[in-house]
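To start, the structure under review is shown below, and the notes come after it.
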Amino acid sequence: MSGKRHVAAATALCVALFPAGAWGTQLTSISARFSPERLGAPTALSLGFEVHTPDGSLPSALTGLSFRYPPNLGIGTSGLGLATCSPAKLSYYGPKVCPANSIMGSGSALAKFQVSPEVSEETASIALVAGPSQNGYVNLLISATATFPVAARIVMSALLLPGRLQFSVPLVPGVPEGPDVAVVSVKATIGGNLTYYERKHGRRVAYRPQGIKLPRH
């Protein structure tokens, strides 16, 4: 693993991308935003990145991501991830089998792979799910599911630490004797339009979780 790319977003978040092999000439753009963007109010956090090469060739495969943010952002106290989902069940069945109160967000990804002499691509849906943790921190599971042209699912895991979220991306082989699949675009939102459930007077009642609370200053 050689090379890191650090890009600061306008919202004071910092992202490092870890490519496999030599970095070469690759360009990265990062996006981050709050919706709504009001100090002291609950919000959803959207993150995204894109990687491309000037000549349109296949970028290096992504092997890790590291997000850094202000520790007082309130992700760990957002009211998200009240339930947990088994990593094994998530990997085998997908997020549909996970408790509603374990879903923390969603998104999409775009991956490219070499089918000589052309570069093909595939989209995947992303689910952000709370997994079991023994350290007192939220264990965030990232499930990426692709259906066409290749049906596949990978599950990544990371602890949601104060001010930092870092996880490894497993290498996905491409065609035989070809380069690994390269993740070139990711868009994900923590919070947002989620429905949770609680028991009130013996009834199961739906509600919207608060989400990330921005600091007052």
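What are the ³J(HN,Hα) values, in whole Hz, obtained from phi via the Karplus relation 6.51 cos²θ - 1.76 cosθ + 1.60 with θ = phi - 60°, for each residue of the range 42-54 in sequence order, with x given for Gly and Pro?
x, 8, 10, 10, 10, 10, x, 8, 9, 10, 8, 10, x
Largest first, how would LEU80, LEU171 line up by accessible area (1.4 Å probe)?
Solvent-accessible surface, decreasing: LEU171, LEU80.
Given an 8 Å cut-off on Cα distances and at least 6 residues of separation, report the relative contact order of the chain as a percent.
25
Per residue of the range 101-109, in order, report the coupling 6.51 cos²θ - 1.76 cosθ + 1.60 (Karplus, θ = phi - 60°) as ³J(HN,Hα) in whole Hz, putting x for Gly and Pro.
6, 9, 6, 10, x, 7, x, 8, 9
What Kirkwood radius, in Å to one decimal, follows from the Cα pairs of the chain?
Roughly 18.3 Å, rounded to one decimal.
Report, ordered by chain and residue number, the aspartates and glutamates lying within cross-link reach of LYS112, taken as a straight Cα distance under 14 Å and ignoring same-chain residues fewer than 8 apart.
GLU50, GLU121, GLU122, ASP180
Give me the net charge of LEU39's neighbourhood, meaning all other residues with Cβ under 12 Å from the Cβ of LEU39; Lys, Arg count +1, Asp, Glu -1. Walk me through the numbers before you get to the answer.
Numbers: positive: ARG38, LYS213, ARG216; negative: GLU37.
It works out to a net charge of +2.
Just to make sure I understand: if all protein chains stay in place, what is the order of ARG153, ARG68, ARG208 by accessible area at 1.4 Å, largest first? Please list the in-between numbers first.
Values: ARG153 75, ARG68 115, ARG208 155 Å².
Sorted by accessible area, descending: ARG208, ARG68, ARG153.
Which value in deg cm²/dmol, rounded to the nearest 500, describes the helix-derived mean residue ellipticity at 222 nm for the chain, given -39,500 (n - 2.57) per DSSP H run of n ≥ 4 and division by the residue count?
Helices in the chain give a 222 nm mean residue ellipticity of -1000 deg cm²/dmol.
Just subtract the alpha-carbon distance of GLU121 and THR77 from 0.36 nm times their residue separation and send over the number in nm, one decimal.
Gain on extension, GLU121 to THR77, equals 12.1 nm.
Whole-Å semi-axes of the range 102-152's equivalent ellipsoid, largest first, each the root of 5 times a Cα gyration tensor eigenvalue?
Numbers: eigenvalues 186, 22, 13 Å².
Semi-axes, largest first: 31, 10, 8 Å.
Just read off the accessible area of VAL172 with the full protein assembly in place, 1.4 Å probe, to the nearest 10 Å².
60
Check GLY105: other-chain or 5+ apart residues with amide H under 5 Å from its amide H, H built from backbone geometry?
When sequence neighbours closer than 5 places are left aside, the close amide H contacts are LEU128, GLY191.
With a 1.4 Å probe and all protein chains in place, put HIS52, HIS201 in order of accessible area, largest first. Don't jump to the answer; show the numbers that get you there.
Working: HIS52 90, HIS201 190 Å².
The ordering from most to least exposed comes out as HIS201, HIS52.
Can you work out the Karplus-derived ³J(HN,Hα) for every residue in the range 117-124? Use 6.51 cos²θ - 1.76 cosθ + 1.60 with θ = phi - 60°, whole Hz, and x for glycine or proline.
Rounded to whole hertz, the list is x, 9, 9, 9, 9, 8, 9, 9.
Starting from the 7 Å offset along Cα-to-Cβ, what nm value, one decimal, do you get for the label separation of ARG164 and VAL150?
Reported label-point gap for ARG164 and VAL150 is 3.2 nm.
When averaged across all projection directions, what area in nm² does the alpha-carbon convex hull of the range 91-206 cover? Each step should come with its number before you reach the end.
Values: hull surface 37.6 nm².
Projected area, direction-averaged: 9.4 nm².
What accessible area, in Å² to the nearest ten, does a 1.4 Å probe give for PHE34?
It works out to around 30 Å².
Given H placed on each backbone N at 1.01 Å, which residues far from VAL181 in sequence or on other chains put an amide H within less than 5 Å of it?
VAL172, GLY174
The values are calculated or read from the model by the stated rules, or taken from the named source; none is laboratory data. The model shown is predicted, which means the values in this text are computed figures rather than measured ones. Glycine also receives a Cβ, built like all others from the backbone with ideal geometry; neighbour counts cover every protein chain displayed. The protein model used for the area step is the full one, side chains on, heavy atoms only, and it has no ligands, DNA or RNA in it. Shrake-Rupley method; radii C 1.70, N 1.55, O 1.52, S 1.80 Å.
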